[in-house]
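Enquirer: Below are the structure tokens for one structure; questions will follow.
Derivation of every value follows stated rules applied to the coordinates shown; laboratory data play no part. Not measured: the values here are computed from a predicted model. Cβ coordinates were reconstructed from backbone atoms using ideal geometry, including for glycine residues, and neighbour counts include every protein chain displayed.
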Amino acid sequence: MILKFPEKFLWGSATSAYQVEGENKFSDWEINPPKNSKGPAGNACDHYNRFEQDFDLLKILNQNAYRFSIEWARVEPKEGKFNKAEIEHYRKVLESLKRRGIKTMVTLHHFTLPQWLSEKGGFSNKESIQYFTRYAAKMFGEYKDLVDFWTTINEPMVFSWHGVNNLIKAHKKVYRLFTAFGDGNISVGIIKNDTYFEPYKNLLDKLSVRFLNWWQNEYFLNKIKNQTDFIGLNFYMRLRIRFPFKVKNENKKVSDMGWELYPEGIYYLLKDLQKYNKPIYITENGLADAQDKNRKWYIGEILKSVHNAIQEGVDIRGYFYWSLMDNFEWTDGYEPRFGLIEVDYKTLERKPRPSAYFYSETCKNNQLIIED
Ligand code: FCB
């Protein structure tokens with residue numbers, strides 16, 4: 001069976017600065033990583049120095065889009081003082097992608113902060129709104145001709161209540177600023193991680209699910225829906241909920257991190273997002289799978305569900321696999337292997353896994369071939 005995707009569909013993969021670059025010495029995760037984490041990341045994949053080589057691989061693997069983030073702490077290591085050399089670095093990164101004909105999606109904030117801002121309380125301090133806007137405005141001025149899609153914040157619901165409300169304000173401010181100064185071609189979105197919640201059995205379970213769905217999946221979007229050009233969806237899991245918040249998953253198949261592999265979940269979330277009437281990009285989706293035993297199957301099943309949703313009228317314009325390469329996975333450190341490309345952390349050698357070639361064929365032909 002052959003499933004064709006819409007013309008101009010984006011096929012890519014995603015990374016974030018702190019997880020791949022290495023030596024982010026002014027970032028809060030490097031200086032003062034959370035106690036329960038395996039941070040700091042240290043040298044990571046040395047993507048900072050090897051981006052050309054990594055983009056060659058991206059091209060060889062037929063991807064036409066790349067999502068990455070700018071490390072705020074690099075470009076503004078001291079409050080209000082922007083670093084020219086680091087600004088030039090990201091210009092080179094963007095130019096290098098453009099030279100290869102790869103569409104660029106840039107995230108301004110992907111979990112890490114400059115240490116100086118972290119010391120002021122990060123996003124729970126309302127001054128962060130001004131700081132974030134100043135940084136975003138600077139990036140916009142520098143790179144607006146090189147960026148196809150801007151995204152403000154990665155997974156805002158990971159933050160505390162105070163943080164979330166400040167992030168809503170920060171997002172709106174940056175959206176208004178970019179659209180006011182853009183020439184009409186500017187596209188600014190948000191990256192939302194949605195979970196597919198399912199009730200375990202009874203009415204109370206259903207009520208729990210309704211609450212979780214409202215809080216985790218809808219709250220932020222409802223607040224900013226008039227200030228976003230598109231929705232970026234990160235999808236990783238289904239959670240079957242037993243009242244009040246117990247997880248009762250079937251776990252027939254799990255990733256190396258024990259996350260249930262339930263690809264159909266993305267279909268329901270995409271259908272639900274249709275109500276916002278915005279283009280949707282799947283900005284992250286993937287699994288930790290060191291042996292590469294489920295990745296091909298999982299990507300195939302996910303894409304079937306995406307295709308289904310498109311057939312039913314959902315406006316989906318692209319898919320970014322998480323991640324282009326193995327990288328530093330926050331609390332779990334270097335053990336989980338999410339990459340299409342395997343990284344040997346001793347030699348830093350890169351090697352595409354078999355599933356990377358399967359994905360590559362899909363990207364190249366803009367269609368998914370399902371073997372019967
Ligand atoms: C997402 C994060 C990303 C990565 C994946 C596995 O929640 O946005 O940085 O860690 O999970």
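Enquirer: Among THR179, THR362, THR107, which comes first, second and so on when ranked by fewest other beta-carbon atoms within 10 Å?
Expert: THR179, THR362, THR107
Enquirer: Report the extension gain between PHE181 and TRP215 in nm, rounded to one decimal, defined as 0.36 nm multiplied by the number of residues separating them, less their alpha carbon distance.
Expert: 9.0 nm is the gain from fully extending PHE181 to TRP215.
Enquirer: Is the chain rounded, prolate or oblate when judged by the Cα gyration tensor, a ≥ b ≥ c being the square roots of its eigenvalues, rounded requiring a/c under 1.5 and prolate requiring a/b larger than b/c?
Expert: Cα axes put the chain in the rounded bin.
Enquirer: Hey, got the dipole for the chain? About the Cα centre, +1 on K and R Cβ, -1 on D and E Cβ, debye to the nearest 20?
Expert: 940 debye
Enquirer: Tell me the relative contact order for the chain as a rounded percent, counting alpha carbon contacts under 8 Å between residues six or more apart.
Expert: The value is 21 percent.
Enquirer: While we're here: Suppose the chain between ASN277 and ASN43 were pulled fully straight at 0.36 nm per residue; how much longer would it get relative to their current alpha carbon spacing?
Expert: 80.1 nm
Enquirer: Related question: Just report the Cα centroid separation between the stretch 3-81 and the stretch 213-284, whole Å.
Expert: 23 Å
Enquirer: I would also like to ask the following. Which of TRP29, TRP116, TRP72, TRP215 has the fewest other C-beta atoms within 10 Å, and how do the rest follow up to the most?
Expert: Neighbour counts put them in this order, fewest first: TRP215, TRP116, TRP29, TRP72.
Enquirer: Got a sec to turn the phi values of the stretch 168-173 into Karplus ³J(HN,Hα) couplings, 6.51 cos²θ - 1.76 cosθ + 1.60 with θ = phi - 60°, whole Hz, x for Gly and Pro?
Expert: Ordered by residue, 3J(HN,Hα) equals 4, 5, 4, 4, 4, 4 Hz.
Enquirer: At 222 nm, what value in deg cm²/dmol follows for the chain if DSSP H runs of at least 4 each add -39500 (n - 2.57) and the sum is divided by all its residues, to the nearest 500?
Expert: Rounded to the nearest 500, it is -11000 deg cm²/dmol.
Enquirer: Continuing with the same structure: Comparing ILE168, ILE266, ILE231, which has the greatest mean-square fluctuation in the GNM of the chain with Cα pairs linked when under 10 Å apart?
Expert: Of the options given, ILE168 has the highest mean-square fluctuation.
Enquirer: Determine, for PHE245, PHE159, the number of other Cβ atoms within 10 Å of each Cβ, and report the residues in order from fewest to most.
Expert: So the residues, fewest neighbours to most, are PHE245, PHE159.
Enquirer: Please list, by residue number, every one of the trypsin sites (Lys or Arg not before Pro) in the stretch 1-107 that is coil in DSSP and has at most 13 other beta-carbon atoms within 10 Å.
Expert: LYS8, LYS25, LYS35
Enquirer: So, one more: Out of residues 5 or more away from SER187 or on other chains, whose amide H comes under 5 Å of its own, with H placed 1.01 Å from N in the peptide plane?
Expert: TRP150
Enquirer: While we're looking at this one, here's another question. In nanometres, what is the gap between the two model label sites at SER160 and LYS201, each 7 Å from Cα along Cα-to-Cβ?
Expert: The modelled label-to-label distance comes out at 3.8 nm.
Enquirer: Can you pick out the pairs among LYS25/LYS192; LYS92/LYS346; LYS252/LYS351; LYS103/LYS248 whose Cα atoms lie more than 31 Å from each other?
Expert: Listed pairs above 31 Å: LYS103/LYS248.
Enquirer: Right, here's the next one. From the backbone phi of the stretch 352-367, what are the Karplus-calculated ³J(HN,Hα) couplings (6.51 cos²θ - 1.76 cosθ + 1.60, θ = phi - 60°) in whole Hz, Gly and Pro given as x?
Expert: Couplings: x, 7, x, 4, 5, 6, 5, 4, 4, 4, 4, 4, 5, 9, 6, 7 Hz.
Enquirer: Same structure, new question: Can you give me the long-range amide H partners of ILE316? Hydrogens built in the peptide plane at 1.01 Å from N, cutoff under 5 Å, separation of 5 or more residues or another chain.
Expert: ILE280
Enquirer: Okay, moving on. State, to one decimal in nm, how far the label point of ASN32 lies from the label point of VAL247, with both points 7 Å from Cα in the Cβ direction.
Expert: Inter-label distance under the simple model: 2.9 nm.
Enquirer: May I pose another question? Residues with amide H under 5 Å of THR107's amide H, sequence separation 5 or more or different chain, H placed in the peptide plane at 1.01 Å from N; which?
Expert: PHE68, SER69, ILE70, THR151
Enquirer: Here's something else I'd like to know. Output ³J(HN,Hα) for the stretch 160-165: one whole-Hz value per residue in order, computed from phi by the Karplus curve 6.51 cos²θ - 1.76 cosθ + 1.60 with θ = phi - 60°, and x for Gly and Pro.
Expert: Residue by residue, the stretch 160-165 yields 6, 3, 4, x, 4, 5 Hz.
Enquirer: Tell me the GluC sites (Glu not before Pro) within the stretch 283-358 that lie in a loop according to DSSP and have at most 14 other beta-carbon atoms within 10 Å.
Expert: Listed in order of number, the matching sites are GLU312, GLU349.
Enquirer: How would the stretch 127-227 be classified by its alpha-carbon gyration tensor: rounded, prolate or oblate, with rounded meaning a/c under 1.5 and the a/b versus b/c comparison settling the rest?
Expert: Because a/c hits 1.5 or more and a/b exceeds b/c, the stretch 127-227 counts as prolate.
Enquirer: Can you tell me how the stretch 47-110 classifies by the Cα gyration tensor, rounded, prolate or oblate, using a/c under 1.5 as the rounded cut?
Expert: prolate
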